[in-house]
Amino acid sequence: MNDRSLSQRLFRRYLQDQGLPVTQQRMAIAEVVSSTGKHLSVEDIEAELRKGGNRIGKATIYRTLDLLVRSRIVVEHDFGEGFK
């Protein structure tokens, strides 16, 4: 099992444990985030999603990133000047 599929499984389990819906949008965002080893902005994530044919709004991306951080699958970095 690779890190990407493990991250997907852990995120799915976290959502279920929290009583939250496992949606296609959330899983698509988690896939984009876990498929790269670099820091991504919300705009980067949105662009990658669009390449894959997914049109997901920034609010959903922000909320899902918050869930990924709370699940400890993603680590939030503060780059200063309001950039995280």
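The values are calculated or read from the model by the stated rules, or taken from the named source; none is laboratory data. Just so you know, these numbers come straight off a predicted model, no measurement behind them. Cβ: placed from backbone, ideal geometry, glycine included. Neighbour counts: every protein chain shown. For the accessible areas, the whole protein counts, side chains as well, though only heavy atoms, and no ligand, DNA or RNA atoms are used. Shrake-Rupley method; radii C 1.70, N 1.55, O 1.52, S 1.80 Å.
Listed residues Arg26, Arg63, Arg4; which is at pLDDT below 95, under 13 Å from the mean Cα position of the chain (by Cα) and in a helix (DSSP H, G or I)?
None of the other options fit; the residue is Arg4.
Out of the residues in segment 45-57 that are open to solvent by less than 70 Å² (accessible area, probe 1.4 Å) and in a helix (DSSP H, G or I), state the one that is nearest to Val75 (Cα to Cα). Before you say what the answer is, go through the steps one by one.
To start, the set of residues in segment 45-57 that are open to solvent by less than 70 Å² (accessible area, probe 1.4 Å) comprises 45-47, 49, 52-54, 56-57.
Within this subset, residues satisfying the condition of being in a helix (DSSP H, G or I) are 45-47, 49.
On the way: Ile45: 16, Glu46: 19, Ala47: 21, Leu49: 20 Å.
Here the answer is Ile45.
Under the condition of being at pLDDT below 80 and within 13 Å of Val42 (Cβ to Cβ), which residue from segment 66-84 is surrounded by the fewest Cβ atoms within 10 Å (Cβ to Cβ)?
In this case the residue turns out to be Gly82.
Consider only pairs whose beta carbons are under 6 Å apart and that are at least six residues apart or on different chains; among these, list those whose first residue lies in segment 22-44 and is over 17 Å from Val75 (Cα atoms) and open to solvent by less than 40 Å² (accessible area, probe 1.4 Å) and whose second residue is part of a loop (DSSP other than H, G, I, E, B) and of a type outside the set (Phe, Trp, Tyr).
Filtered contacts from segment 22-44: Ala28/Asn54.
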